[in-house]
Amino acid sequence: MKRFTIPAAAALGLLAACQPQPLSQADEDAIRAVNTAFAAGANSGSADAMTAVYGSDAVIQGYNMAAVTGTAAIHKLWTDLNAPVKANLRVTVTKVEGAGDVAYLTGSYHLVLTSKDSTHPSTVTEDGKYINVLWRQADKSWKIVADAWNANSMPAMPAAAPARPAAHRH
């Protein structure tokens with residue numbers, strides 16, 4: 001039986017060719033631009049702009065809410081969340097990593113929500129962190145396919161039950 005062998009250098013070359021390439025600076029810049037576009041959409045109250053940064057089958061796993069999947073559900077989420085408030089969102093990217101057509105981005109945010117109802121003005125401030133997973137699309141753009149965030153502070157604990165009076169013995 002004749003054995004087929006590949007020279008070691010050629011085998012290493014084939015193996016290297018199969019490895020995903022690290023992100024280029026252009027890729028990292030494009031991924032950061034997705035993050036910036038989302039914040040701009042949030043600050044303008046545009047559910048359309050916010051939804052545009054997501055892939056068609058993306059999933060959002062937001063803080064204190066059920067997961068939503070797909071463009072229609074994501075658009076409804078942002079429409080509903082934007083309806084009663086005006087957002088002032090600042091995002092800071094802490095890390096962009098990836099290879100090939102997959103990347104992830106981590107960051108922190110500072111969010112101020114102001115009620116649109118002038119008869120009940122109120123403001124809520126939240127600081128938190130987020131992680132996005134992005135895939136390079138067929139058109140070479142980057143889109144978020146998984147999004148999750150949460151606040152830095154713990155949710156308020158329920159109030160303790162009132163103490164029961166001691167039983168009296170007769």
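Descriptive notes on the structure:
- Only a single criterion out of (1) more than 12 Å from residue 144 (Cβ to Cβ); (2) surrounded by 15 or more Cβ atoms within 10 Å (Cβ to Cβ) is not satisfied by residue 38, namely (1).
- Residue in the stretch 3-24 that is in a helix (DSSP H, G or I) and at pLDDT 95 or above present: no
- Screening the stretch 41-58 for residues that are assigned to a helix (DSSP H, G or I) and touching a residue at least 12 places away in the same chain (Cβ under 8 Å) and picking the one that is surrounded by the fewest Cβ atoms within 10 Å (Cβ to Cβ) gives 48.
- Residue check, residue 118 assigned to a strand (DSSP E or B) and either touching a residue at least 60 places away in the same chain (Cβ under 8 Å) or of a type in the set (S, T, N, Q) (or both): no
- Contact map, the stretch 18-40: residues that are in contact (Cβ under 8 Å) with a residue 60 or more places away in the chain paired with residues that are outside any helix (DSSP H, G or I) and not hydrophobic (A, V, I, L, M, F, W, C), Cβ distance under 7 Å, separation 6+ or inter-chain. Pairs shown: 20/100; 21/100; 23/98; 35/107.
- Residue in the stretch 121-140 that is farthest from the chain's Cα centre (by Cα), counting only those that are farther than 30 Å from residue 25 by Cβ and assigned to a strand (DSSP E or B): 123
- Close contacts from the stretch 131-154, counting a first residue that is aromatic (Phe, Trp, Tyr) and a second that is modelled with pLDDT under 95, with Cβ to Cβ under 9 Å and a gap of 6+ residues or different chains, come to 149/62; 149/63.
- Unique residue being assigned to a strand (DSSP E or B), closer than 25 Å to residue 71 by Cβ and modelled with pLDDT of 95 or more when the list is 143, 95: 143
- Residue satisfying all of: in the stretch 69-110; over 13 Å from the mean Cα position of the chain (by Cα) and in contact (Cβ under 8 Å) with a residue 60 or more places away in the chain; surrounded by the most Cβ atoms within 10 Å (Cβ to Cβ) among these: 98
The values are calculated or read from the model by the stated rules, or taken from the named source; none is laboratory data. Please read these numbers as outputs of a predicted model, since none were measured by experiment. Note: ideal-geometry Cβ built from the backbone for every residue, glycine included; neighbour counts use all protein chains shown.
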